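For reference, the structure is listed below as structure tokens.
The values are calculated or read from the model by the stated rules, or taken from the named source; none is laboratory data. The structure displayed is predicted, hence computed values, not measured ones. Reconstructed Cβ throughout: ideal geometry from the backbone, glycine too, with neighbour counts over all protein chains shown.
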Amino acid sequence: MATWIKQNCISFFQLFCIKVIKNGRVPQHLAFIMDGNRRYAKKLSVNCSAGHVKGFDKLSETLKWCLDLGIPEVTVYAFSIENYKRSTSEVDALMDLARDKFKRFLDEIDQINEWGVKLHIAGRLSLLPSDLQVILSKAMLATKNNNKLRLNIAYSYTGRDEISRAASHIVDSVQNNDLSPDDIDEDLITQTLDLGAPELLVRTSGEVRLSDFMLWQVSNTVLYFSDVLWPEFTIWNLLGAIIHFQRHAPPLPEEKENSPVQQKFLKKLENKKWQELEKIISF
Amino acid sequence: MLSKLLRQLLYILVHLVVKILVAVQNVSRRLCSKNCNLSKEQVTKRDVLMLLENVPKMKNKLKHLVVLADSNVHTISELAQLVIWNLVVGVPYVSFYDVTGSLKKMEEELFYEIERNKKGIPGCIKWSNKPDLNGYTNGIQANTVFVNIISYSDGKPRIAQCIKLIAKGDLQCDRMSKEFTAQEFGEAFMKLNPAIPDPDLVIFTGPLCCTFGLLPWQIRLTEFIQVDVHHNININCYLGALYKYNKCDQRFGK
């Protein structure tokens, strides 16, 4: 059974509705703040980790809907750096869940490659347990060349941390004379970050803040706040969000060309990131 | 071929139905609160009393409120009244985010409009970037509001500027490990910013919620609350937003 992209979760009627909605503009990058797993667990009076397992199942369903909708990039906020402050037992349970799911990801790698999913973990990996770092790096390297659905998982992530890490890369490159200070501008920073700009961001469970997610990237994004808890999110909620997007989305901003120096820096940075992942798995 | 046509037709139909439903909902909402939609020219005594009556019910004290101000749809008079309401409620920092880029040019007009509305209301209004325009206090134990206009350039371009200064070695930024932490970079970045608390609440009008590039570093915990589905700013909607804000409790990732 496919763990990551749930099969047979769409009825014929739902598929038809997806095809109808697809006639309009569909966001090319969709982001989720998957909030409400713990409230859901509390509601059913089960423990927290059961809520998180349910939340993961919902993610695999959502990925299937996104594939059918033809959305090429999906980003989800799975674990914030702030979440390390939660109780040890809950953090451990979350890490175990990640271990389990990413091991399965590697077991099912043939099927994942067939679907063309490219996995990207955005965040400060060095804060994670080293065995998990290895698993995540393997998963990213194994799907490096896929291009049908880009799945970004923000894990051990905050938006401020992402900006700070990008700043370090840029400052280092100036010190190595790969960049001059005058090459530094807004667009260069945008491309140095882990994540690209989403067109639609959905946050569940009724909270109306970003909680340090994609702070830089959301300037032109439609923010959609839904009251349902993440494990109770349905395809109708998703289609509702997309209809809202179709009604109100601002036009896409124009993209600017990079200078050759900037281009070279970005290429080098990308290579460096892959090399670091290779290094993690070779230990 | 036929099914594709059918799907396109249904797509148009779905959007039409949604449009009608939203319109009906808006009309019914408007009928329910008939009197609240009349924008007034000036802050009245009744407004002040209404605010004072509601203030004690607000447990979460707002420190910094940001208004997404769109000069195409909001009048200077509406924005000025907002400042006065916040003065009465006791919000110390009120900022306008200049979405269209033309509010900055109307700053003086806004200043006079606020002064006109302030008559008879105790308190002090200060302009963050214009100390010479500062109003005066009349009355004891009065509130003070710092008014500020924020523009796009205070956001991403300032972060870029900060990185540039660090790269040149003109700005000190400590680094304990290979990469800056958010705390280390934040400390350096704060040196380029005025000492204003991060926004607690952003209020906006209209159906679209978007930051439009508002202070990316500072909005990590900011709540985004819609004041009105249309572009009206009136006292009932303002109080409604404050109530909505008060219901939320912050969890700080825990």
Restricting the search to the range A:72-113, which residues are under 24 Å from A:T158 (Cα atoms) and not in a helix (DSSP H, G or I)? A:P72, A:E73, A:V74, A:T75, A:V76, A:Y77, A:A78, A:F79, A:S80, A:R86, A:S87
Looking only at the range A:227-248, how many residues end up being within 20 Å of A:K43 (Cβ to Cβ) and crowded, with 20+ Cβ neighbours inside 10 Å? 4
Unique match (being at the interface with chain A (Cβ under 7 Å from one of its Cβ atoms), small (G, A, S) and either within 21 Å of A:S219 (Cβ to Cβ) or surrounded by fewer than 15 Cβ atoms within 10 Å (Cβ to Cβ) (or both)) among B:G206, B:G213: B:G213
Filtering the range A:151-178 down to residues that are in a loop (DSSP other than H, G, I, E, B) and at the interface with chain B (Cβ under 7 Å from one of its Cβ atoms) yields A:T158
May I ask you to list the residues in the range A:250-272 that are under 21 Å from the mean Cα position of the chain (by Cα) and under 26 Å from A:S219 (Cα atoms)? A:L252, A:L266, A:L269, A:E270
Is it the case that the range A:252-260 has a residue that's among the hydroxyl-bearing types (S, T, Y), touching a residue at least 40 places away in the same chain (Cβ under 8 Å), away from chain B (no Cβ under 12 Å) and not in a helix (DSSP H, G or I)? yes
Name every residue in the range A:75-107 that is within 14 Å of chain B (Cβ to nearest Cβ) and basic (K, R), in order of residue number. A:K85, A:R86
Output for the range B:57-91, where each listed residue is in a helix (DSSP H, G or I) and closer than 18 Å to B:G123 by Cα: B:L79, B:A80, B:Q81, B:L82, B:V83, B:I84, B:W85, B:N86, B:L87, B:V88, B:V89
Looking at (1) modelled with pLDDT under 95; (2) away from every other protein chain (no Cβ under 14 Å), which is the one condition that is false for A:P72? (1)
Of the residues in the range B:92-114, those that are surrounded by fewer than 22 Cβ atoms within 10 Å (Cβ to Cβ) and part of a loop (DSSP other than H, G, I, E, B) come to B:P92, B:T100, B:G101, B:S102
Quick check: anything in the range A:206-214 away from chain B (no Cβ under 11 Å) and not in a helix (DSSP H, G or I)? no
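A quick yes/no check of all residues on (1) in contact with a strand residue (DSSP E or B) (Cβ under 7 Å, 6 or more places away or on another chain); (2) away from every other protein chain (no Cβ under 14 Å):
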residue	(1), (2)
A:E199	yes, no
A:R203	yes, no
A:T234	no, yes
A:G240	no, no
A:K273	no, no
Name the single residue, out of those in the range A:7-64 being among the charged types (D, E, K, R) and not in a helix (DSSP H, G or I), that is surrounded by the most Cβ atoms within 10 Å (Cβ to Cβ). A:D35
Determine whether the range B:179-186 contains at least one residue that is of a type in the set (A, V, I, L, M), more than 9 Å from chain A (Cβ to nearest Cβ) and either out of contact with any Cys (no Cβ under 7 Å at 6 or more places or on another chain) or surrounded by 16 or more Cβ atoms within 10 Å (Cβ to Cβ) (or both). no
List pairs: first in the range B:183-206 and in contact (Cβ under 8 Å) with a residue 24 or more places away in the chain, second small (G, A, S), Cβ under 8 Å, 6+ apart or cross-chain? B:G186/A:S164; B:P194/B:S128; B:I196/B:S95; B:I196/B:S128; B:P199/B:S95; B:L201/B:A241; B:I203/B:A241
From the list B:N60, B:N26, B:N54, which one is outside the structural domain of B:K118 (by TED's automatic domain parsing), of a type outside the set (K, R) and in contact (Cβ under 8 Å) with a residue 60 or more places away in the chain? B:N26
Screening B:D228, B:D249, B:D174 for residues that are more than 24 Å from the chain's Cα centre (by Cα) and either under 15 Å from A:R160 (Cα atoms) or modelled with pLDDT under 95 (or both) leaves only B:D174
Considering every residue within the range A:223-234, establish whether at least one is without any contact (Cβ under 8 Å) to a residue 12 or more places away in the chain and either assigned to a helix (DSSP H, G or I) or closer than 16 Å to A:P27 by Cα (or both). no
